[in-house]
1. What are the pairs with Cβ atoms under 6 angstrom where one residue, in region 83-98, is farther than 22 Å from Pro35 by Cβ and the other, located anywhere, is at pLDDT below 90? Sequence gap at least six, or different chains.
2. Go through (1) surrounded by fewer than 13 Cβ atoms within 10 Å (Cβ to Cβ); (2) within 13 Å of the chain's Cα centre (by Cα) one by one and return the number of the condition Val115 breaks.
3. Would you be able to tell me the number of residues in region 27-66 that are part of a helix (DSSP H, G or I), closer than 27 Å to Val122 by Cα, modelled with pLDDT of 50 or more and not hydrophobic (A, V, I, L, M, F, W, C)?
4. Report, ordered by the first and then the second residue, all pairs with beta carbons closer than 9 Å, sequence separation of six or more or different chains, a first member in region 15-32 that is acidic (Asp, Glu), and a second member that is at pLDDT 85 or above and open to solvent by less than 50 Å² (accessible area, probe 1.4 Å).
5. Restricting region 15-28 to residues that are open to solvent by 60 Å² or more (accessible area, probe 1.4 Å) and under 16 Å from the mean Cα position of the chain (by Cα), which is nearest to Ile102 (Cα to Cα)?
Amino acid sequence: MDYCIQCGEDSKYKCPICREPYCSVACCKLHKESPCSPPPSQVQAPKEESPNTDEFPTDDTVPLERLKLLEQSSELRKCLQNPHVREILEILDSSPHPDLLINQYMQEPIFTEFVDACLNVVQNSSNDE
(Lines give C-alpha, C1' and ligand atoms only; values in the text may rest on other atoms or scores of the structure.)
Protein backbone atom coordinates (compact mmCIF):
# COMPACT_ATOMS: atom_id res chain seq x y z
CA MET A 1 0.00 0.00 0.00
CA ASP A 2 1.22 3.49 -0.82
CA TYR A 3 0.89 6.39 1.57
CA CYS A 4 -0.42 9.87 0.76
CA ILE A 5 2.33 12.39 0.04
CA GLN A 6 0.33 15.09 1.85
CA CYS A 7 -0.93 13.47 5.05
CA GLY A 8 0.62 9.98 5.23
CA GLU A 9 -2.71 8.09 5.23
CA ASP A 10 -3.29 5.03 3.03
CA SER A 11 -3.77 6.21 -0.55
CA LYS A 12 -6.08 4.95 -3.27
CA TYR A 13 -5.13 7.41 -6.01
CA LYS A 14 -2.11 8.61 -7.95
CA CYS A 15 -1.43 11.98 -9.51
CA PRO A 16 -1.85 11.59 -13.29
CA ILE A 17 1.28 13.67 -13.86
CA CYS A 18 3.90 12.67 -11.28
CA ARG A 19 2.29 9.39 -10.12
CA GLU A 20 2.68 10.35 -6.44
CA PRO A 21 0.01 8.79 -4.18
CA TYR A 22 -2.73 10.77 -2.44
CA CYS A 23 -5.78 9.76 -0.42
CA SER A 24 -8.51 12.34 -0.97
CA VAL A 25 -9.77 15.32 -2.93
CA ALA A 26 -8.41 17.64 -0.24
CA CYS A 27 -4.92 16.15 -0.48
CA CYS A 28 -5.10 16.19 -4.28
CA LYS A 29 -5.92 19.91 -4.20
CA LEU A 30 -3.00 20.53 -1.84
CA HIS A 31 -0.69 18.60 -4.17
CA LYS A 32 -1.88 20.58 -7.22
CA GLU A 33 -0.89 23.86 -5.57
CA SER A 34 2.69 23.12 -6.63
CA PRO A 35 3.40 22.10 -10.23
CA CYS A 36 4.77 18.59 -10.58
CA SER A 37 6.36 16.67 -13.42
CA PRO A 38 6.44 13.06 -14.59
CA PRO A 39 8.89 10.72 -12.91
CA PRO A 40 12.27 10.54 -14.71
CA SER A 41 11.53 7.07 -16.06
CA GLN A 42 8.33 8.34 -17.69
CA VAL A 43 9.83 11.53 -19.12
CA GLN A 44 12.21 9.68 -21.42
CA ALA A 45 10.03 6.68 -22.21
CA PRO A 46 8.05 6.95 -25.45
CA LYS A 47 4.30 6.63 -25.27
CA GLU A 48 3.09 3.12 -25.90
CA GLU A 49 0.77 2.54 -28.83
CA SER A 50 -1.75 0.54 -26.84
CA PRO A 51 -3.45 2.09 -23.79
CA ASN A 52 -4.43 -1.47 -22.82
CA THR A 53 -1.18 -1.83 -20.84
CA ASP A 54 -1.99 0.78 -18.20
CA GLU A 55 0.43 0.21 -15.32
CA PHE A 56 -1.66 2.19 -12.84
CA PRO A 57 -5.33 1.25 -13.31
CA THR A 58 -7.84 2.88 -10.98
CA ASP A 59 -11.58 2.51 -10.45
CA ASP A 60 -12.00 5.18 -13.14
CA THR A 61 -9.83 3.45 -15.77
CA VAL A 62 -11.89 2.83 -18.90
CA PRO A 63 -11.23 -0.50 -20.64
CA LEU A 64 -9.81 -0.33 -24.16
CA GLU A 65 -12.94 -1.99 -25.60
CA ARG A 66 -15.08 0.92 -24.40
CA LEU A 67 -12.57 3.51 -25.60
CA LYS A 68 -12.71 1.99 -29.08
CA LEU A 69 -16.47 2.68 -29.13
CA LEU A 70 -15.65 6.40 -29.20
CA GLU A 71 -14.44 5.96 -32.80
CA GLN A 72 -17.93 4.89 -33.85
CA SER A 73 -19.90 7.73 -32.25
CA SER A 74 -21.63 10.04 -34.73
CA GLU A 75 -22.34 12.52 -31.92
CA LEU A 76 -18.63 12.68 -31.12
CA ARG A 77 -17.71 13.12 -34.79
CA LYS A 78 -20.14 16.03 -34.98
CA CYS A 79 -18.49 17.68 -31.96
CA LEU A 80 -15.04 17.21 -33.50
CA GLN A 81 -16.09 19.08 -36.63
CA ASN A 82 -15.94 22.25 -34.57
CA PRO A 83 -12.46 23.83 -34.96
CA HIS A 84 -12.69 25.38 -31.47
CA VAL A 85 -13.15 21.93 -29.88
CA ARG A 86 -10.19 20.59 -31.83
CA GLU A 87 -8.08 23.59 -30.76
CA ILE A 88 -8.96 23.02 -27.09
CA LEU A 89 -8.02 19.33 -27.39
CA GLU A 90 -4.68 20.20 -29.00
CA ILE A 91 -3.93 22.70 -26.22
CA LEU A 92 -4.82 20.14 -23.54
CA ASP A 93 -2.78 17.46 -25.26
CA SER A 94 0.34 19.61 -25.45
CA SER A 95 0.02 21.16 -21.99
CA PRO A 96 2.35 19.99 -19.22
CA HIS A 97 -0.54 20.58 -16.77
CA PRO A 98 -3.82 19.75 -18.55
CA ASP A 99 -5.49 19.21 -15.18
CA LEU A 100 -5.19 22.94 -14.49
CA LEU A 101 -6.69 23.89 -17.87
CA ILE A 102 -9.55 21.41 -17.86
CA ASN A 103 -11.51 23.39 -15.24
CA GLN A 104 -11.29 26.48 -17.43
CA TYR A 105 -12.46 24.64 -20.54
CA MET A 106 -15.30 22.93 -18.70
CA GLN A 107 -16.89 26.39 -18.47
CA GLU A 108 -17.24 26.47 -22.27
CA PRO A 109 -20.53 24.91 -23.46
CA ILE A 110 -19.00 23.57 -26.68
CA PHE A 111 -16.37 21.67 -24.72
CA THR A 112 -18.86 20.32 -22.16
CA GLU A 113 -20.94 19.08 -25.10
CA PHE A 114 -17.88 17.17 -26.34
CA VAL A 115 -17.21 15.74 -22.85
CA ASP A 116 -20.86 14.70 -22.49
CA ALA A 117 -20.71 12.95 -25.87
CA CYS A 118 -17.63 11.00 -24.73
CA LEU A 119 -19.22 10.07 -21.41
CA ASN A 120 -22.47 9.00 -23.09
CA VAL A 121 -20.60 6.50 -25.25
CA VAL A 122 -18.46 5.11 -22.43
CA GLN A 123 -21.19 5.04 -19.78
CA ASN A 124 -23.86 3.61 -22.09
CA SER A 125 -21.53 0.80 -23.09
CA SER A 126 -20.87 0.00 -19.43
CA ASN A 127 -24.61 -0.22 -18.77
CA ASP A 128 -25.00 -2.74 -21.58
CA GLU A 129 -22.66 -5.28 -19.96
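The values are calculated or read from the model by the stated rules, or taken from the named source; none is laboratory data. Since the structure is predicted, the reported quantities are computational estimates derived from the model, not experimental observations. Cβ placement follows ideal geometry from the backbone for every residue including glycine, while neighbour counts extend to all protein chains displayed. Side chains are part of the model used for accessible areas, which takes the heavy atoms of the whole protein and leaves out ligands, DNA and RNA. Shrake-Rupley method; radii C 1.70, N 1.55, O 1.52, S 1.80 Å.
1. none
2. (1)
3. So the count comes out to 3.
4. What qualifies is Glu20/Cys4; Glu20/Ser11; Glu20/His31.
5. Pro16
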